[in-house]
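The values are calculated or read from the model by the stated rules, or taken from the named source; none is laboratory data. Worth saying up front: this structure is predicted, and the values here are computed from it rather than measured. Ideal geometry is used to build each Cβ from the backbone, glycine not excepted, and the neighbour counts take in all protein chains shown. We work out accessible area using only protein heavy atoms, side chains counted, and drop any ligands, DNA or RNA first. Shrake-Rupley method; radii C 1.70, N 1.55, O 1.52, S 1.80 Å.
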Amino acid sequence: MTHIARKRFGQNFLHDYGVISNIISSIEAKPNDHWIEIGPGQGALTEPLLEQGVRLDVVELDRDLVVLLKDKFKHHDNITIHSADALRFDFSALSAGEKLRVVGNLPYNISTPLMFHLLEHADCIDDMFFMLQKEVVNRICAQPNSKQYGRLSVMMQYYCATECLFDVPPESFDPIPKVMSAIVRLVPHIQPPVQVNDLAKLNTVVTTAFSQRRKTLRNSLKKLIDEQTMVELGIDPTARAENISLAEFAKLSNTIEDAPATI
Ligand code: SAH
């Protein structure tokens, strides 16, 4: 059975065996690990993963591919195939006490919301490996004082340790995407690296500061935090968002008062 790649499901199937074996060796799957694969497609990563002796749950949105996968793996006991949308999937329900490991060559159009959805289940996840657009991987791993550093870097690094593993060229896929890809490893922190009193406030400060990234903090955060408070925190009000570390964003967000309750 041949499957025609569907653009609306972000389908770019991996067919380069060198890349597949690089992914398999970097994720260091061990027998009895419990893995979740998101978007297994035609099973490019699924099959070598099963060969490692792991327990595997896969979540695939395209029902035609689910039929194909069920047929392909009908003689395997260690795999459960879920015909579902990963964006709405309850990953915690799969973890019976043990931690999950996650891998996915993600559809690029949903990669950011999907990562944040998975992070809602971070306490039952050991680590996650994603194939993403290289530019997105660079943003996730970026450090302050760089052009790539932004909201995604700060919020992801609040939740996880991030590591860019290796690049994957467009020709490794069918159909060939327009962009370069890369593999990132995310390891959810057991304890947050910085004290944040209210995550929604951190999100507001970071989003506001980066939405006008050329402006000084004094200007971009004017409505949220006054200049004197920044100085007291040891943060230069003439700095820009890209100069501010996660720890400093956390301090800034912790100074914001709760909005008065509306009656
Ligand atoms: N892992 C395969 C396929 C990658 S293409 C490979 O490397 O070859 C991306 C896959 O994600 C496709 O199979 C697509 O159907 C699936 N997909 C797209 N949106 C999804 C969603 N919301 N939930 C689960 N799977 C999804």
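Give the residues of region 82-104 that are open to solvent by 30 Å² or more (accessible area, probe 1.4 Å), in contact (Cβ under 8 Å) with a residue 60 or more places away in the chain and within 16 Å of the ligand (Cβ to nearest atom), sorted by residue number.
Leu94
Can you tell me which of (1) touching a strand residue (DSSP E or B) at 6+ places or on another chain (Cβ under 7 Å); (2) in the same structural domain as Leu106 (by TED's automatic domain parsing) is the one Thr238 doesn't meet?
That leaves (2) as the condition not met.
Within region 65-83, can one find any residue that is of a type in the set (Lys, Arg) and under 28 Å from Ala161 (Cβ atoms)?
no
Could you please find all residues in region 46-64 being under 24 Å from Cys164 (Cβ atoms) and open to solvent by 10 Å² or more (accessible area, probe 1.4 Å)?
Answer for region 46-64, where residues must be under 24 Å from Cys164 (Cβ atoms) and open to solvent by 10 Å² or more (accessible area, probe 1.4 Å): Pro48, Gln52.
Residues checked against (1) over 20 Å from the mean Cα position of the chain (by Cα); (2) in contact (Cβ under 8 Å) with a residue 60 or more places away in the chain; (3) open to solvent by 30 Å² or more (accessible area, probe 1.4 Å):
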{"site": "Thr2", "(1), (2), (3)": "yes, no, yes"}
{"site": "Lys7", "(1), (2), (3)": "yes, no, yes"}
{"site": "Asn12", "(1), (2), (3)": "no, yes, yes"}
{"site": "Asn22", "(1), (2), (3)": "no, yes, yes"}
{"site": "Ile27", "(1), (2), (3)": "no, yes, no"}
{"site": "Asn32", "(1), (2), (3)": "yes, no, yes"}
{"site": "Ile38", "(1), (2), (3)": "no, yes, no"}
{"site": "Gln42", "(1), (2), (3)": "yes, no, yes"}
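For region 238-252, state whether one or more residues are of a type in the set (Lys, Arg) and within 28 Å of the chain's Cα centre (by Cα).
Within region 238-252, one or more residues are of a type in the set (Lys, Arg) and within 28 Å of the chain's Cα centre (by Cα).
Those residues that are in contact with a Gly (Cβ under 8 Å, 6 or more places away or on another chain) and over 23 Å from Leu119 (Cα atoms), I need them from region 69-99; list them, please.
Listed by number, the residues that qualify are Leu69, Lys72, Phe73, Asn78.
Restricting to region 206-254, what's the tally of residues that are surrounded by fewer than 17 Cβ atoms within 10 Å (Cβ to Cβ), assigned to a helix (DSSP H, G or I) and of a type in the set (Gly, Ala, Ser)?
2
A quick yes/no check of all residues on (1) open to solvent by 40 Å² or more (accessible area, probe 1.4 Å); (2) in contact (Cβ under 8 Å) with a residue 60 or more places away in the chain; (3) outside the structural domain of Ser245 (by TED's automatic domain parsing):
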{"site": "Asn109", "(1), (2), (3)": "yes, yes, yes"}
{"site": "His117", "(1), (2), (3)": "no, no, yes"}
{"site": "Lys147", "(1), (2), (3)": "yes, yes, yes"}
{"site": "Cys164", "(1), (2), (3)": "yes, no, yes"}
{"site": "Glu171", "(1), (2), (3)": "yes, yes, yes"}
{"site": "Pro193", "(1), (2), (3)": "yes, no, yes"}
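For the condition without any contact (Cβ under 8 Å) to a residue 24 or more places away in the chain and not charged (D, E, K, R), what is the one hit in Ser220, Ser181?
Exactly one of Ser220, Ser181 is without any contact (Cβ under 8 Å) to a residue 24 or more places away in the chain and not charged (D, E, K, R), namely Ser220.
Is it the case that Ile140 is open to solvent by less than 60 Å² (accessible area, probe 1.4 Å), assigned by TED's automatic domain parsing to the domain that holds Glu28, touching a Ser or Thr at 6+ places or on another chain (Cβ under 7 Å) and away from the ligand (no atom under 16 Å from the Cβ)?
When the stated conditions are applied, Ile140 passes them.
Is it the case that some residue within region 67-80 is crowded, with 18+ Cβ neighbours inside 10 Å and under 19 Å from the mean Cα position of the chain (by Cα)?
no
Looking only at region 32-66, which residues are aliphatic (A, V, I, L, M), more than 13 Å from the ligand (Cβ to nearest atom) and in a loop (DSSP other than H, G, I, E, B)?
Of everything in region 32-66, just one residue is aliphatic (A, V, I, L, M), more than 13 Å from the ligand (Cβ to nearest atom) and in a loop (DSSP other than H, G, I, E, B), namely Val54.
If the requirement is being of a type in the set (Asp, Glu) and under 18 Å from Ala29 (Cα atoms), which of these qualifies: Asp62, Asp57, Asp90?
After applying the criteria, what remains is Asp57.
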